[in-house]
Amino acid sequence: MVLVLILFNHNKNLEKPNMKKFLIEVAHGPDKKACDHAIQVFLQSGSHFLTHAEWGCMDGEHKAWIIVEVDSKEDARYIVPPLFRTDAKIIQLTTFTSKDIQEPEKFHTA
């Protein structure tokens, strides 16, 4: 266990400074069987990201959410199990400052 933590911390120091943050949203059917199957697929993947997903099922929102920092939207999509990958919604997240509000044209091109 200690070795894993050391390796994890070591890799964290090698992260690229320009990593992008993405919200991954994965929907599944509302019935118990669909919920159980989705949760089982995520947990059995062994992926740290997937085993720590947040689920909305108990509130009637049959989706899982994960926030990751990776190089691209494609990299974020490949975190999702193949069964759910095609329909997963990947959203790049941005934090704005008060300075950003003064230059909205940088973010709104439409």
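The string of couplings for region 91-99 from the Karplus curve (6.51, -1.76, 1.60, θ = phi - 60°) is 10, 6, 9, 9, 9, 9, 10, 5, 5 Hz, one whole number per residue in order, with x for Gly and Pro. Coupling constants for region 22-35 follow from the phi torsions by the Karplus curve (6.51 cos²θ - 1.76 cosθ + 1.60, θ = phi - 60°), and in residue order they are 10, 9, 9, 10, 10, 8, 8, x, x, 7, 4, 4, 5, 4 Hz; glycine and proline get x. The convex hull defined by the C-alpha atoms of region 17-106 has an orientation-averaged projected area of 7.5 nm².
Near Trp65, once Lys and Arg are set to +1 and Asp and Glu to -1 for all other residues with Cβ below 11 Å from its Cβ, the sum equals -1.
Here the 3J(HN,Hα) profile of region 56-69, calculated from phi with Karplus coefficients 6.51, -1.76 and 1.60 at θ = phi - 60°, is x, 4, 5, 10, x, 9, 7, 8, 10, 10, 9, 10, 10, 10 Hz, Gly and Pro shown as x.
Pairs of alpha-carbon atoms within less than 8 angstrom and 6+ residues apart define the contacts here; what relative contact order does region 33-110 have, in percent? Reported as a whole number, the value is 19 percent.
Just so you know, all these numbers are worked out from the coordinates, no wet-lab data involved. Computed from a prediction, not measured in an experiment: that's the story for all the values here. Cβ: placed from backbone, ideal geometry, glycine included. Neighbour counts: every protein chain shown.
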